[in-house]
Amino acid sequence: MARAEQVLVLEPQHELKFRGPFTDVVTATLKLSNPTDRNVCFKVKTTAPRRYCVRPNSGVIDSGSSINVSVMLQPFDYDPNEKSKHKFMVQSMLAPYDMTDMEGVWKEAKPEELMDSKLRCAFEMPLENDKTHESESNQTVSSSASSVKAEHSALPKSASASLDDGEVKKIMEECKRLQMEVQRLREENKQIREDDGLRKRKVTSMAASHSSSSSAMATSAMRDEGLSTRILALCVLFFVIGVIIGKLAL
């Protein structure tokens, strides 16, 4: 049974052109459009998978939309006498309405449901005139870029200066804040030391007061004891004198 006709519209339709030099990656763009009222699954395959990088190489294109596929040719030694035999194939199929697993859909697809389109690859080197024009264009772009760069480097000086001033201001404010914090910590430390000294002086004063009070009490007791002894001695003396006077009177 013949396969169904391709429903996707390819741009370009038959050939992918890669323009050198090929000392760096060269990219060609393939546009895939879906003009139908169904979503379409697609895959992009190549006969030289090691030479190309395709992004995206598969997916789903919604109804009435399109997608750009980037085909990147890796650097290689170009030989103008060698004709490219590389080919690409765009394979597609109508997406089921209840599709949940695209890989499963491809595995279960019937041959008559698959559609494909093939494209050749062509390598081109720019001509001398094109090289000269390209070189001039590159020089113009380079000079324009240099001019823009010069203007850009000239313009931001004031902005850079203002930015530096702003940064300096922030640093000064931060230093000031840190100095205030250090001063506050010093005052707290001083206050703690003063409180500690006052507490020690109070303890010393209380101890001294207690000691003085004890000494005073002891001295008072001694004084009282001495006074009592003197009174007793006087009483005894008066008694003896009284006895002597009484005997003399008799």
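A few points about this structure:
- Single residue of segment 1-53 satisfying the filter (of a type in the set (Gly, Ala, Ser) and open to solvent by less than 20 Å² (accessible area, probe 1.4 Å)) that is farthest from residue 111 (Cα to Cα): 20
- Subset of segment 107-118 [in contact with a Lys or Arg (Cβ under 7 Å, 6 or more places away or on another chain) and open to solvent by less than 30 Å² (accessible area, probe 1.4 Å)]: 114, 115
- Some residue of segment 44-57 being at pLDDT 95 or above and on the phi > 0 side of the Ramachandran plot: no
The values are calculated or read from the model by the stated rules, or taken from the named source; none is laboratory data. Just so we're clear, the structure is a prediction, and the values are computed from it rather than from any experiment. Glycine gets a Cβ as well: all are built from the backbone with ideal geometry, and neighbour counts include every protein chain shown. Heavy atoms of the whole protein, side chains included, go into the accessibility calculation; ligands, DNA and RNA do not. Shrake-Rupley method; radii C 1.70, N 1.55, O 1.52, S 1.80 Å.
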